[in-house]
Every structure is written in structure tokens, then in C-alpha cells.
Amino acid sequence: MAGRRIYDVFGVYFALVIIYLLTEEALLKTLVPLLTLILSLAGCATTYQPQSFSGGFSETQLDKNVFRVSFKGNGYTQAERAEEMALLRSAELTLKNGFKYFVIIDGRSRSDYGTYTTPTQATTTGSASVYGNTAYGNSTTTFTGGQTFLITKPNTTNTIICFAEKPQVNGLAYDAQFVFNSLAQKYGIAPAAK
């Protein structure tokens, strides 16, 4: 009878070890790809690009010389960068449409907020000992994850009017070529054709 009890305790211990090893293997199979994805995106603010899943610019032509220009950043984009990228796109659109100056008649900046909570995982380790006809066991469970991160995604929208000559208006009339050259140099973007 004592031999059978040792065999049962050893079987329970062996099963706990197998479960622990499978848990570690499953953790590695899910954690390594997740970490690779996170590290590949780390520090990747939205670039100057058309709107995609990671952000970018878009525009709508409202009249021959009126455009609504938007730039949406991702969670790594600072608000200042989103505002400057919208300004850069405004300058580029002005030049592409044969104009030299633009005025922002409506500008709005906001941020969208979201959260991400890391998955929670429990790892249990245990041991069993047999003394005579009595088996003793203990286990420890460790919980990891469950951290929540706040994600801020800045958005900027400008409605602009484009002009061939510098307008006499109350407010700031931007020189499109100057703005484009300045911001393109700052962000390492190839200059637009004049």
C-alpha cells in the first residue's frame, strides 16, 4: 500500500511538472512574437504618409482653393508632430494645386484616448513529499501582467484657403514653399517640386 501511495504522489508531482513546462512553452510561443511586434513598433511615430492603419494625412477638397487637411497620429506621435504634419500637408497641397500661399480658417487639434491591458497569466509551481504513509505538498502561484497603459493619439484638422498671391487678410498667411521646405528639412522629407 505504501508503494502505491508513493507512485500516486510521484504521478501528481510529475503531472505538475509537465503542466508547468507546458505553461512555460506556451508562454514562450505567445510572448516572443508579442514582444517582437512591440519592439518593432516601439518609438515609431506616424510618418508623413497617406492615412493608413498607423495614421497619416488625408484631405478633402471643398472648393477650387479650399481644402480640409487632417493628420492622425498613433500612440507614439506627439501632438506637436501631428500639428506640424498637417501644416506640412497643407503647404504641399497648396503647391501641388498651383498656389503659393494659404490661410488656416479653421484649425482643430484633439486627442483620442484608449487603454491597453496586458494579459494576466498565472504560473503555479508545486512540490510533494512522502514521509511514511503521509504525503505533503505545497504550491505557489505567481500572477504576471494585468498592467493597463493609456494610449493617446493626436489628431489635427485644418481648413485652408489657398491663394496665388499673398492675401491681405487679418491673420497669418503662410508662404507654402517656405513652410514645406522648413518642415520637410526638420522631418527628413524630400523637397517638393517648385
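In region 136-192, which residues are without any contact (Cβ under 8 Å) to a residue 24 or more places away in the chain and either of a type in the set (A, V, I, L, M) or farther than 30 Å from C44 by Cβ (or both)? Within region 136-192, Y136, N138, T140, T141, T142, F143, Q168, N170, A190 qualify.
Taking region 51-71 as the search range and keeping residues that are within 17 Å of L183 (Cα to Cα) and in contact (Cβ under 8 Å) with a residue 40 or more places away in the chain, which one is surrounded by the most Cβ atoms within 10 Å (Cβ to Cβ)? Lay out the reasoning, then the answer.
Going residue by residue through region 51-71, those that are within 17 Å of L183 (Cα to Cα) are 56-57, 69-71.
Among the residues that remain, those that are also in contact (Cβ under 8 Å) with a residue 40 or more places away in the chain are: 69-71.
Numbers: V69: 26, S70: 20, F71: 30.
Here the answer is F71.
Only one of the numbered conditions (1) within 30 Å of Q51 (Cα to Cα); (2) surrounded by 12 or more Cβ atoms within 10 Å (Cβ to Cβ) is violated by T144, and that is (1).
Could you please give the count of residues in region 72-92 that are among the aliphatic types (A, V, I, L, M) and surrounded by fewer than 20 Cβ atoms within 10 Å (Cβ to Cβ)?
Residues flagged as among the aliphatic types (A, V, I, L, M) and surrounded by fewer than 20 Cβ atoms within 10 Å (Cβ to Cβ) within region 72-92 amount to 1.
For region 153-194, what are the residues that are among the β-branched types (V, I, T) and at pLDDT below 95? Let's see the steps before the verdict.
Start the filter on region 153-194 by keeping residues that are among the β-branched types (V, I, T), which leaves 156-157, 159-161, 169, 179, 189.
Within region 153-194, V169, I189 qualify.
Taking strands (runs of 3 or more DSSP E) as the structural unit, those lying wholly within region 82-149 and holding at least 3 residues that are under 22 Å from F71 (Cα atoms) correspond to 101-117. A count restricted to region 150-176 and to residues that are buried (at least 16 other Cβ atoms within 10 Å of the Cβ) and assigned to a strand (DSSP E or B) stands at 13. Annotation: G98 fulfils all but one of (1) modelled with pLDDT under 95; (2) at positive phi; the unmet one is (1). Of all residues in region 153-173, those being farther than 18 Å from D63 by Cβ and of a type in the set (S, T, Y) number 1. Each residue in region 177-194 was checked for being part of a loop (DSSP other than H, G, I, E, B), small (G, A, S) and either touching a Pro at 6+ places or on another chain (Cβ under 6 Å) or under 15 Å from N97 (Cα atoms) (or both), and 2 pass.
The values are calculated or read from the model by the stated rules, or taken from the named source; none is laboratory data. For clarity, every value in this text was computed on a predicted model and none was experimentally measured. For neighbour counting, all protein chains shown are included, and Cβ atoms are generated from backbone atoms with ideal geometry for every residue, glycine included.
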